[in-house]
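Undergrad: Before I ask anything, let me first share the structure, which is written out below as structure tokens.
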Amino acid sequence: MLSLHQLTCFLATYEHRSLTRAAEELGYAQPSVSEQVRTLERHLGVPLFRRVGRGVVPTTAADTFRPHAEKVLAAADEAQRAVASIRSFETGTIRFGMFGVARLYGGAGLVADVLERYPGVRVELVGRHSMDVQENLRRGHLEAAMIAVAGLSSEGMAITPIARDELVYVSAAPARLTSPVTAKRLAEAPLVMAESTYRDSDSARIVLRRMLHEAGYNPGTRIEVEDVETAVELVGRGLADTVTNKGAAVQLLPRLAPNAGWVSLRPRLYDTLAIVHRAGATLTPAARLMIELATQRIQAIIEPV
């Protein structure tokens, strides 16, 4: 049976045209290399080298066999690296980008999923907003992430939409929840909106602005805050209404605004969640695992695409 040791000795001999020099390179005794080559020749049933003076010359059979031997050794090396990568990742750190609202749906559950499979790893969920996460991707600080995207193209990034999250109108005033909210009603509403720092680039706010502009209205807010939890709590106090992801409303209203409810917009609007990584990148097993688990968890909560 062929062995990797035989192939290694064959390729070294082929390269150096000398059993002695092949043995020196490999750190073996010359008779050991000679025996490995002879065993390989017996297995193949053909001579691989002819002795010429103090060296050897490859036969036609050796020329034919060489690229196949190289492929076998390369495949073996790749297999070893893959296993070493898995072994390292099982006891190392897994970093994955996940913007704020998405963590409400899947953050703790995602970490639990990872630790159930690999109890020895250290997990980092990185990012406050999709733009923040995307910048970390561009700089190479993250391999992959789940973000919200207003469009489906970004230079240098591979974007795979996985789910869509409806944007809903949230209010503690029952009279405002009797029918879907139109652009006119939205423009006139006393709104508190989250993501104040990222208001110009936040995907949900981009979708809302587009809706209002197309209807001939200018967006306006009464209160600006950074996080969706504060926005929902202010709604619960009756100080303003808000528009947020339906998933966030379902998660937060029972805890922060139990007297509030939500209704769809007219037309219905959606925030798209996508897996993003650098275009053409070869992802590590850790990144592939996080993508698989994050996708499964999010698609079990909100509408897959």
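Undergrad: How long is the gain from A75 to R50 if the chain were fully straight, where each residue apart is worth 0.36 nm and the alpha carbon distance is subtracted? Mind showing how you got there, number by number?
TA: On the way: separation 25, 0.36 × 25 = 9.00 nm, distance 2.86 nm.
Between A75 and R50, full extension yields an extra 6.1 nm.
Undergrad: Counting only protein chains, not ligands or nucleic acids, how are R164, R139 ordered by accessible area (probe 1.4 Å), most first?
TA: Most to least solvent-accessible, the answer reads R139, R164.
Undergrad: Here is a further query. The list (1) 18.1; (2) 21.7; (3) 14.7 gives values of mean projected area of the Cα convex hull in nm², and only one came from this structure; which label was calculated from it?
TA: (2)
Undergrad: In nanometres, what is the gap between the two model label sites at A158 and L212, each 7 Å from Cα along Cα-to-Cβ?
TA: 3.8
Undergrad: In degrees between 0 and 90, to the nearest 10, how far off the longest principal axis of the chain does helix 60-90 point, with axes built from Cα atoms?
TA: The two axes meet at around 40 degrees.
Undergrad: Oh, and also: Under a no-solvent Debye model with one identical scatterer per Cα of the stretch 131-275, what's log10 I(q)/I(0) at q = 0.13 Å⁻¹?
TA: The calculated log intensity ratios at q = 0.13 Å⁻¹ are -0.58.
Undergrad: Pick from V111, V37, V263 the residue whose mean-square fluctuation is largest in a GNM of the chain, springs joining Cα atoms under 10 Å.
TA: V37
Undergrad: At 1.4 Å probe size, put R237, R38 in order of accessible surface, largest to smallest. Please list the in-between numbers first.
TA: Details: R237 165, R38 110 Å².
Largest to smallest exposure gives the sequence R237, R38.
Undergrad: Not counting ligands, DNA or RNA, and with a 1.4 Å probe, what is V305's accessible surface area in Å² rounded to the nearest 10?
TA: 90
Undergrad: Scan around H129 for amide H atoms under 5 Å from its own, H built in the peptide plane at 1.01 Å from N, and keep only partners 5 or more places away or cross-chain.
TA: Answer set, sorted by chain and number: G100.
Undergrad: Note the angle between two axes, namely the Cα long axis of helix 4-16 and the longest principal axis of the Cα atoms of the chain, as a number of degrees from 0 to 90, rounded to the nearest 10.
TA: 70
Undergrad: Could you report the accessible area of E233 in Å², rounded to 10, computed with a 1.4 Å probe on the protein chains as they sit in the structure?
TA: The accessible area comes out at roughly 80 Å².
Undergrad: Summing Lys, Arg as +1 and Asp, Glu as -1, what charge do residues with Cβ under 14 Å from the Cβ of G140 carry, G140 excluded? Mind dumping the intermediate values first?
TA: On the way: positive: R95, R138, R139, R278; negative: E135, E143.
My count for the surroundings of G140 gives +2.
Undergrad: Now for a different question. Please build a GNM for the chain, connecting alpha carbons under 10 Å apart, and tell me which residue among T242, T197, T272 fluctuates the most.
TA: In the Gaussian network model the winner is T197.
Undergrad: Could you order K184, K246 by accessible surface area, starting with the largest, using a probe radius of 1.4 Å?
TA: Heavy-atom accessible area, descending, gives K184, K246.
Undergrad: What does the charge count around L2 come to, taking other residues whose C-beta lies under 12 Å from its C-beta (Lys +1, Arg +1, Asp -1, Glu -1)?
TA: Taking every other residue near L2 into account, the sum is 0.
The values are calculated or read from the model by the stated rules, or taken from the named source; none is laboratory data. Since the model is a prediction, treat every value here as computed from it, not as a measurement. In this analysis, Cβ positions are derived from the backbone assuming ideal geometry, glycine residues included, and neighbour counts consider all displayed protein chains. Each accessible area value is taken on the protein alone, full model and side chains, heavy atoms only, with ligands, DNA and RNA left out. Shrake-Rupley method; radii C 1.70, N 1.55, O 1.52, S 1.80 Å.
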